[in-house]
């Protein structure tokens with residue numbers, strides 16, 4: 001980890017990695033109270049990147065997800081494989097009134 005001296009303050013320097021990823025140093029994550037797998041909103045203000053911790057509510061309850069899984073498993077056996085091209089075009093024509 002490198003440090004950039006800017007007057008009397010120390011600024012941590014990090015490196016942009018593959019897929020535009022960065023690592024928040026442990027000391028900064030602890031200082032901000034960030035937890036593993038926490039969601040962050042990202043924004044740009046002036047010439048600065050802002051990361052804002054956010055709470056994301058799941059769209060479905062655990063029970064609803066289990067119900068969806070059961071429906072998918074039941075309906076999966078009814079699925080019909082359709083080849084691309086003419087067969088798919090014919091299938092689409094059958095669906096349209």
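The table below gives the values:
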| read-out | value |
| --- | --- |
| Where a residue in the stretch 6-20 is on the phi < 0 side of the Ramachandran plot and part of a loop (DSSP other than H, G, I, E, B) and its partner, wherever it lies, is surrounded by 10 or more Cβ atoms within 10 Å (Cβ to Cβ) and modelled with pLDDT under 80, with Cβ under 6 Å and at least six apart | none |
| Filter result for residue 49 (assigned to a helix (DSSP H, G or I) and either exposed (fewer than 10 other Cβ atoms within 10 Å of the Cβ) or more than 16 Å from the chain's Cα centre (by Cα) (or both)) | no |
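The values are calculated or read from the model by the stated rules, or taken from the named source; none is laboratory data. As the structure is a computational prediction, the values presented were derived from the model and not from experiment. Neighbour counts run over all protein chains shown; Cβ positions are idealised from the backbone, glycine included.
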